[in-house]
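The values are calculated or read from the model by the stated rules, or taken from the named source; none is laboratory data. Because the structure is predicted, anything quoted here is derived from the model rather than measured. All Cβ positions, even for glycine, are placed from backbone atoms using ideal geometry, and neighbour counts span all protein chains on display. All accessible areas refer to the heavy atoms of the entire protein, side chains included, with ligands and DNA or RNA removed. Shrake-Rupley method; radii C 1.70, N 1.55, O 1.52, S 1.80 Å.
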Amino acid sequence: MGVMLGLSSSFVRRRVPRRSNGVLAVAALALLASLGGCAATRRPDGNTGMLPPGSVAPDFVARDAAGAPVRFSSLAGHPRVVYFYPKDETPGCTKEACAFRDAFAEYEKRGVVVFGVSRDSEASHEKFRKAHALPFLLAADESGEIQRAYGAPGHLGVTSRVTFLVGADGRVQEVWEKVDPAAHAADVLAAVK
């Protein structure tokens, strides 16, 4: 038995079997799951979801303002902020980056190193950094490897906005899943105190 779809008089009436609606729904869910839709991110350590407090923060490489590579682990002994954001030069991401920039002197006073991570390329990061005078490290995670290692959620190749505060011992101290781009840098700084 089918469902009749009524179309304007210029179109022909067509029968669509009910079971095809179910097949289409299953296919759509499978596609979303394969693209990282609703499922929790599977980390390389075999667990799913974001790294919880107490976990050892995964190592990665970012670039400083001069373009030199800096390994996350080389800054052991310092608290570190790893903030994931969706895309360079979008309104919310620009607001968040500029908030970290504006609070950067306070982060430096406390010996805290800031890493911004997105799926954008090195070239995109370089333009973003220059356009907004960003003094902190940026990591180009084009493959999503860093995102997966931290279990940061994402959808269709875009990382969600989430932040990890990593202690001097290299362990995650706090995780922010809900982020207000304008106020977040101040919230993280308050947690460092």
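In contact (Cβ under 8 Å) with a residue 60 or more places away in the chain and either closer than 21 Å to residue 190 by Cα or open to solvent by 50 Å² or more (accessible area, probe 1.4 Å) (or both): does that describe residue 84? Yes, satisfied. Residues of region 103-126 being in contact (Cβ under 8 Å) with a residue 12 or more places away in the chain, in a helix (DSSP H, G or I) and open to solvent by 10 Å² or more (accessible area, probe 1.4 Å), which ones? Correct list: 104, 106, 122, 124, 126. Filtering region 26-63 to residues that are modelled with pLDDT of 50 or more, polar (S, T, N, Q) and under 21 Å from residue 142 (Cβ atoms) leaves only 41.
The set of residues from region 61-117 being more than 16 Å from residue 132 (Cα to Cα), more than 14 Å from the chain's Cα centre (by Cα) and among the aromatic types (Phe, Trp, Tyr) comprises 72, 107.
Within region 154-190, how many residues are part of a loop (DSSP other than H, G, I, E, B) and either in contact with an Asp or Glu (Cβ under 6 Å, 6 or more places away or on another chain) or more than 14 Å from residue 87 (Cα to Cα) (or both)?
11
Selection of strands (runs of 3 or more DSSP E) fully inside region 44-97 by the criterion of at least 1 residues being under 16 Å from residue 177 (Cα atoms) returns 80-84.
In region 127-162, of all residues being hydrophobic (A, V, I, L, M, F, W, C) and over 17 Å from residue 181 (Cβ atoms), the one that is least open to solvent (accessible area, probe 1.4 Å) corresponds to 139.
If you go through region 139-178 and pick out every residue that is of a type in the set (A, V, I, L, M, F, W, C) and over 22 Å from residue 42 (Cα atoms), you end up with 1. Within region 127-142, the residues that satisfy the criterion of being part of a helix (DSSP H, G or I) and either without any contact (Cβ under 8 Å) to a residue 40 or more places away in the chain or charged (D, E, K, R) (or both) are 127, 129, 130, 132.
Only one of these is modelled with pLDDT under 95 and of a type in the set (A, V, I, L, M): 105, 152. Name it.
152
Considering only residues that are open to solvent by 20 Å² or more (accessible area, probe 1.4 Å) and in contact with a Pro (Cβ under 9 Å, 6 or more places away or on another chain), which ones fall in region 50-63? Reasoning before the result, please.
Kept after step one, since they are open to solvent by 20 Å² or more (accessible area, probe 1.4 Å), are these residues of region 50-63: 50, 52-56, 58-59, 61, 63.
50, 58, 61, 63 - these are the residues of region 50-63 that are open to solvent by 20 Å² or more (accessible area, probe 1.4 Å) and in contact with a Pro (Cβ under 9 Å, 6 or more places away or on another chain).
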